[in-house]
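Peer 1: This is the structure, below, for whatever I ask next.
The values are calculated or read from the model by the stated rules, or taken from the named source; none is laboratory data. Treat the numbers as computed from the prediction; the structure is a model and nothing was measured. Here Cβ is always computed from backbone atoms with ideal geometry, including for glycine, and neighbour counts include all displayed protein chains.
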Amino acid sequence: MNLIPLGRFSRLGRSTRKIPILVEPIENAGYRATSGPPLAASVEGATRQEALDRLHAEIDRRRADGAVVMPLDITTTEENPWLAMAGMFRNNPRFDEWQAAIEENRRKLDEEDPLLTWEEDPPLP
């Protein structure tokens, strides 16, 4: 199974995260890179990479000025409706067969069409 990594942890317990960024061409033959909350910022550069580098620098500047990005755990006010189905296949003898068939079908599809397999994004020009 191919999973998309959401981030990684450093030795200090800090983690890196991928955040969605919009990079779009602008009229002056350059590019604008924009991020959304909680790190909302917009910068321009001559190339895509320059715009991304400037956006990274802007976020780093804000953090150096005291901005902190951190998680906040909250408790939901409603019960999760999916929990009622948790464990419904616990005593079903065909469950493992079913899972093996799913894995086999996924393997066959990956062999037939490599575009269905996740790989790292190519570097930006």
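Peer 1: Report, ordered by the first and then the second residue, all pairs with beta carbons closer than 8 Å, sequence separation of six or more or different chains, a first member in region 36-49 that is over 26 Å from GLY66 (Cβ atoms), and a second member that is outside any loop (DSSP other than H, G, I, E, B) and among the β-branched types (Val, Ile, Thr).
Peer 2: ARG48/VAL23
Peer 1: Now a separate question. Can you confirm whether LEU52 is under 19 Å from the mean Cα position of the chain (by Cα) and in a loop (DSSP other than H, G, I, E, B)? Before the answer, list the steps.
Peer 2: On the way: under 19 Å from the mean Cα position of the chain (by Cα): yes; in a loop (DSSP other than H, G, I, E, B): no.
Here the answer is no, as LEU52 does not meet what is asked.
Peer 1: Under 8 Å between Cβ atoms, which residue pairs at least 6 apart in sequence (or on different chains) link something in region 69-95 that is closer than 29 Å to PRO38 by Cα with a partner that is in a helix (DSSP H, G or I) and at pLDDT 85 or above?
Peer 2: The qualifying pairs are VAL69/ARG63.
Peer 1: Report every pair of residues separated by at least 6 positions or lying on different chains whose Cβ atoms are under 9 Å apart, first residue within region 16-33 and over 12 Å from LEU52 (Cα atoms), second of a type in the set (Gly, Ala, Ser) and at pLDDT below 90.
Peer 2: From residues that are over 12 Å from LEU52 (Cα atoms), the pairs are THR16/GLY7; THR16/SER10; ARG17/GLY7; LYS18/GLY7.
Peer 1: Please specify each residue of region 71-125 satisfying the condition of being part of a helix (DSSP H, G or I), among the charged types (D, E, K, R), at pLDDT 85 or above and over 23 Å from the mean Cα position of the chain (by Cα).
Peer 2: ASP96, GLU97, GLU103, GLU104, ARG107, LYS108, listed by residue number.
Peer 1: Quickly run through region 18-35 and pick out the residues that are closer than 25 Å to MET70 by Cα and either out of contact with any strand residue (DSSP E or B) (no Cβ under 7 Å at 6 or more places or on another chain) or part of a loop (DSSP other than H, G, I, E, B) (or both).
Peer 2: LYS18, ILE19, PRO20
Peer 1: Here's a follow-up. When you look at LEU6, is it under 16 Å from the mean Cα position of the chain (by Cα), surrounded by 11 or more Cβ atoms within 10 Å (Cβ to Cβ) and at pLDDT below 90, yes or no?
Peer 2: Answer is no for this residue.
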